[in-house]
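Below is one structure, written out as structure tokens; comments come after it.
Any read-out appearing in this document is the output of simple, stated calculations on the displayed coordinates, not a laboratory observation. Only a predicted model underlies this, so the values are computations on that prediction, with no experimental measurement involved. Quick reminder, even Gly has a Cβ in these numbers, built from the backbone with ideal geometry, and neighbours come from all protein chains shown.
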């Protein structure tokens, strides 16, 4: 689906599922993302994917067109 963040989200979930947070420490993916001390323990590639996902979601939420100069 164009205009969605699903591919980045899927990659992020796969990365977290392979991380120590899930495999060794037995936390859920949700906990690994929500809890600051767990999130900080994620590998750099997962942290990078998380930031990419957040930026993607932010860009989708910014749907207000630029109307500078328009008058009504």
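Fully extending the segment from residue 52 to residue 35, taken as 0.36 nm per residue of separation minus the present Cα-Cα distance, adds 4.3 nm.
The Cα-based radius of gyration of region 1-45, divided by its Kirkwood radius, gives an Rg/Rh of 1.03. Sequence-distant contacts, meaning Cα pairs under 8 Å at least 6 residues apart, place the relative contact order of region 6-60 at 39 percent.
Looking only at region 18-53, which residues have a backbone nitrogen under 13 Å from a spot 7 Å from the Cα of residue 60 in the C-beta direction? Once the point is set 7 Å along Cα→Cβ of residue 60, 53 turn out to lie under 13 Å by backbone N, inside region 18-53.
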